[in-house]
Structures are given as C-alpha cells and as structure tokens.
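The values are calculated or read from the model by the stated rules, or taken from the named source; none is laboratory data. As the structure is a prediction and not an experimental result, all values here were calculated from the model. For neighbour counting, all protein chains shown are included, and Cβ atoms are generated from backbone atoms with ideal geometry for every residue, glycine included. What goes into the accessible areas is simple: the full protein's heavy atoms, side chains included, and nothing from ligands, DNA or RNA. Shrake-Rupley method; radii C 1.70, N 1.55, O 1.52, S 1.80 Å.
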Amino acid sequence: MDLSAIDDGHVDGDDTLVFHYSREERLKRAPQNVRDYYNGTFMPQRGLFRSLVASRGNRYLLIAVGLCIGVVLLASVLLRREAATVCGVGAQLSAFSFEEQLYASVRLEKAGRAFSLELPAPVTARFSFVNVDGAVVEEKTVRGKYDGNELFLRTTMTDYDILKVTVSVDLGGQTAELTAAVQKR
C-alpha cells in the first residue's frame, strides 16, 4: 500500500501546501559556530579540565566540589582517630553495642623495630563512654603488661545510648588518644 500519493496537507477546495527547504539559506542566518560545524572546521575544546573551567558556572561548581571533598577529608582525618602509634606500637580502638551491652577493645600490635622499651612494659587504657548529649557517662581503667606480642585490653558496660568511646593509652610514658564511634549490631 503506497501512502505517498495521499495528500493530507490542505483543506478540501484549497491549494496544497508546499514546503521549500534550502540548507544554504538556513546556514546564511545561522551563527558562526553552526556554520563551522557544518563546514567541518569546528574544533571542540579537548580535555576534561578545559571543559570544567570553560564557563563561570562550571568554575563555581568545580570550586564547590573541591571544597566539599576537602571538608570531608579533613573531617575524616581530624574527627575519627581510631588508630595511633604509642612508643612504636600500633594501637587500634573498636567499639560496638550488642543486646544492650557495649564492648570496647584496644588492640596493641606486635612490637616493631622502632620499639625501644624494656619488656614487659606496663600499659594502661582509660576508657571514657560519651552519650548522645556529649557527657561522659562512665570511665573505666584497664591495665595490662605488654610483652611485645599482640595485646587486647577490653571492657564492657551497659549501653545507655552511648555514641562514642574515647580511650587514652599510656605505654612507656607516652600517651595516645583514640576515639571510635559505637557500631550498633
């Protein structure tokens, strides 16, 4: 069935509509970049950075994204310090809540070459439990003897909406402060 012969572009009794299209006439009134594109002489800007700073809006967005990334990185480094080094020994803090009990643990890693203390060395960990209001609910002190191998200092308490745990680890006269958010399990 050939539908090309059917003329549906006019009302009965009127003349048919005729459309004339001339590419050259249209391109005469077009902007220069459109003419260059159709001629093949248009060269787009190359490179990701050039396109990111091509206009004022793009520059503002690039600066805003950079500032947001900087704030997130700075906050993650400064606010959460779950690991530190005391006398050449790595210390890590972890805290989690399970069935209304809060478990906090400090792990002292195996002594490395930089460790210069006489073994066994006394180690003290002072745990502070901070609630949602920012007040210290309870403090506990755990003592142990570090003999150069991996050592865990652990404590528990009843969970009263504890938000974070702060611990001060003292080994060989040096002190490190660690903070960890409580994970709900």
Roll a 1.4 Å probe over the protein chains and send me the accessible area per residue for the chain in Å².
74 Å²
Taking the convex hull of the Cα atoms, report for the chain its projected area averaged over all directions, in nm².
27.4 nm²
Please list 3J(HN,Hα) in residue order for the stretch 127-135, calculated via the Karplus relation 6.51 cos²θ - 1.76 cosθ + 1.60 where θ = phi - 60°; whole Hz, with x for glycine and proline.
8, 10, 9, 10, 8, 5, 7, x, 8
Could you sort the peptides 173-181, 45-53 by per-residue average Cβ neighbour count (10 Å cutoff), highest mean leading?
173-181, 45-53
Could you calculate the FRET efficiency of L48 with D12 from 1/(1 + (r/R0)^6), where r is the beta carbon distance between them and R0 is 41 Å, rounded to 0.05?
0.10
Could you state the number of Å between the C-alpha centres of the stretch 132-185 and the stretch 86-126?
9 Å
Of G70, I162, A84, whose Cα points farthest to the positive end of the dipole of the chain (charges on the beta-carbon: +1 Lys, Arg; -1 Asp, Glu; origin at the Cα centre)?
A84
At 1.4 Å probe size, with the rest of the protein present, what percent of the exposed accessible area of the stretch 91-184 is carbon and sulfur atoms?
45 percent
Taking only Cα atoms and a 10 Å spring cutoff, compute GNM fluctuations for the chain and point out the largest among D161, D12, D170.
D12
With n ≥ 4 as the cut-off for DSSP H runs, can you work out [θ] at 222 nm for the chain, using -39500 (n - 2.57) per run divided by the number of residues, rounded to the nearest 500?
-7000 deg cm²/dmol
Find how much the distance from E109 to S22 grows on full extension, using 0.36 nm per residue of separation minus their present alpha carbon separation; answer in nm with one decimal.
23.3 nm
DSSP beta bridge pairing in the chain, given as percent antiparallel to the nearest 5:
95 percent
